[in-house]
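Chemist: Below: one structure in structure tokens.
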Amino acid sequence: MPKLFIVPTPIGNLEDISLRALRILKEVSLILTEDTRVTKKLLSHYQINKTCIPYHQFNEHKQLQHFIELIRQHESVAMVSDAGTPGISDPGFLLIRECIKENIDIECLPGPTAFVPALIQSGFPCDRFYFYGFLPHKKGRQSILSRLAQNKETFILYESPYRLLKTLENLIEHCGADRNINISRELTKLHEENTRTTLSEAFDYYKQKNIKGEFVLIIEGNNKE
Ligand code: SAM
């Protein structure tokens, strides 16, 4: 029976990979990778020598049937992204849905995802939360922000260093300057930084900085009646 394993990989610290993930990566016949160079670094760190085939946002639509054929031919295939869990703001969904349609077994291992440690250490309520991921740059951006700002639940955004200030500015417009935010930067890496503050203070802080790294924004829900 052909099978696709979805294997989460570290979001920075290479030690954050499970023993089972390493075993699966050793056992499968081939690995679908978002960027083969990134995955090769991880594999060589763990002395795994495996054929890697690119599977990313630029070929996942066009070559979907080709990937299904590859899984059928190779029986046991793993899919990884550059970091974290495939499908979470990363490619993966299309192939998983197609495997389900084609009666190909899938199994997702538990593992690293950037928003989970950021949410937990924010100290904001995490019994219910809304994960949005990356905001669109243009179309729909303002209406999504306006909807998110009304949420009673904590909500979560992913952001790049280039757009952080713009997003903080937009969050102030929609949520108000005093809304609390936790910004997690470079999680699990040498220069990890977690800042719990208000939106306006976060904006002032990052305005003066040369902004670098990867960011998860955890925004407290709307507590106002
Ligand atoms: N699949 C990944 C996951 O499971 O979290 C997310 C991939 S998405 C393309 C990359 C974004 O995730 C970054 O822009 C950042 O918002 C967030 N991210 C990934 N690694 C991170 C880290 N070490 N520290 C903070 N944010 C991170």
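The values are calculated or read from the model by the stated rules, or taken from the named source; none is laboratory data. Just so you know, these numbers come straight off a predicted model, no measurement behind them. In this analysis, Cβ positions are derived from the backbone assuming ideal geometry, glycine residues included, and neighbour counts consider all displayed protein chains. Just the protein is used for accessible areas: all its heavy atoms, side chains included, with ligands, DNA and RNA removed. Shrake-Rupley method; radii C 1.70, N 1.55, O 1.52, S 1.80 Å.
Chemist: Would you say Thr51 is in contact with a Leu (Cβ under 8 Å, 6 or more places away or on another chain) and farther than 30 Å from Asn194 by Cβ?
Modeler: yes
Chemist: Is it the case that Glu186 is of a type in the set (D, E, K, R) and open to solvent by less than 40 Å² (accessible area, probe 1.4 Å)? Explain how you work it out, then say what you get.
Modeler: Numbers: of a type in the set (D, E, K, R): yes; open to solvent by less than 40 Å² (accessible area, probe 1.4 Å): yes.
Judged against the criteria, Glu186 is a match.
Chemist: List pairs: first residue in the stretch 43-59 and free of Cβ contacts under 8 Å to residues at least 24 places away in the same chain, second residue in a loop (DSSP other than H, G, I, E, B) anywhere in the structure, Cβ distance under 8 angstrom, at least six positions apart or on different chains.
Modeler: Leu43/Asn49; Leu43/Lys50; Thr51/Ser29; Pro54/Glu34; Pro54/Asp35
Chemist: Does Ile53 fit the bill of being over 16 Å from Asp105 (Cβ atoms), more than 16 Å from the ligand (Cβ to nearest atom) and in contact with a strand residue (DSSP E or B) (Cβ under 7 Å, 6 or more places away or on another chain)?
Modeler: Yes, satisfied.
Chemist: Out of the residues in the stretch 172-201 that are within 15 Å of the ligand (Cβ to nearest atom), outside any loop (DSSP other than H, G, I, E, B) and hydrophobic (A, V, I, L, M, F, W, C), which is farthest from Ile88 (Cα to Cα)?
Modeler: Result: Ile181.
Chemist: I'd like to verify a number: residues in the stretch 2-58 that are in a helix (DSSP H, G or I) and either surrounded by 15 or more Cβ atoms within 10 Å (Cβ to Cβ) or of a type outside the set (A, V, I, L, M) (or both), how many?
Modeler: So the answer is 18.
Chemist: What do you reckon, is Arg72 closer than 15 Å to Cys108 by Cα, more than 19 Å from the chain's Cα centre (by Cα), modelled with pLDDT of 95 or more and of a type in the set (D, E, K, R)? Lay out the reasoning, then the answer.
Modeler: Numbers: closer than 15 Å to Cys108 by Cα: no; more than 19 Å from the chain's Cα centre (by Cα): yes; modelled with pLDDT of 95 or more: yes; of a type in the set (D, E, K, R): yes.
Considered against the rule, which asks whether it is closer than 15 Å to Cys108 by Cα, more than 19 Å from the chain's Cα centre (by Cα), modelled with pLDDT of 95 or more and of a type in the set (D, E, K, R), Arg72 comes out as no.
Chemist: Go through the stretch 141-170 and report how many residues are part of a loop (DSSP other than H, G, I, E, B) and in contact with a Gly (Cβ under 9 Å, 6 or more places away or on another chain).
Modeler: 4
Chemist: State whether one or more residues within the stretch 61-80 are within 16 Å of the ligand (Cβ to nearest atom), at negative phi and open to solvent by 20 Å² or more (accessible area, probe 1.4 Å).
Modeler: no
Chemist: Could you pull out the residue among Glu153, Glu193, Glu159, Glu225 that is of a type outside the set (A, V, I, L, M, F, W, C) and modelled with pLDDT under 95?
Modeler: From the options Glu153, Glu193, Glu159, Glu225, the qualifying one is Glu225.
Chemist: For the structure I just gave you, tell me whether Arg37 is away from the ligand (no atom under 15 Å from the Cβ) and under 22 Å from Phe134 (Cβ atoms).
Modeler: Criteria not met by Arg37.
Chemist: With the condition kept exactly as written, say whether any residue in the stretch 94-117 is more than 25 Å from Gly213 (Cα to Cα) and aromatic (Phe, Trp, Tyr).
Modeler: no
Chemist: Out of the residues in the stretch 121-158 that are under 18 Å from Val216 (Cα atoms) and loosely packed, with under 12 Cβ neighbours inside 10 Å, which is farthest from the ligand (Cβ to nearest atom)?
Modeler: Selected residue: Arg128.
Chemist: Thr195 passes all but one of (1) open to solvent by 50 Å² or more (accessible area, probe 1.4 Å); (2) in contact with a strand residue (DSSP E or B) (Cβ under 8 Å, 6 or more places away or on another chain); (3) within 28 Å of Asp82 (Cα to Cα); (4) polar (S, T, N, Q); which number fails?
Modeler: For Thr195, the failing item is (1).
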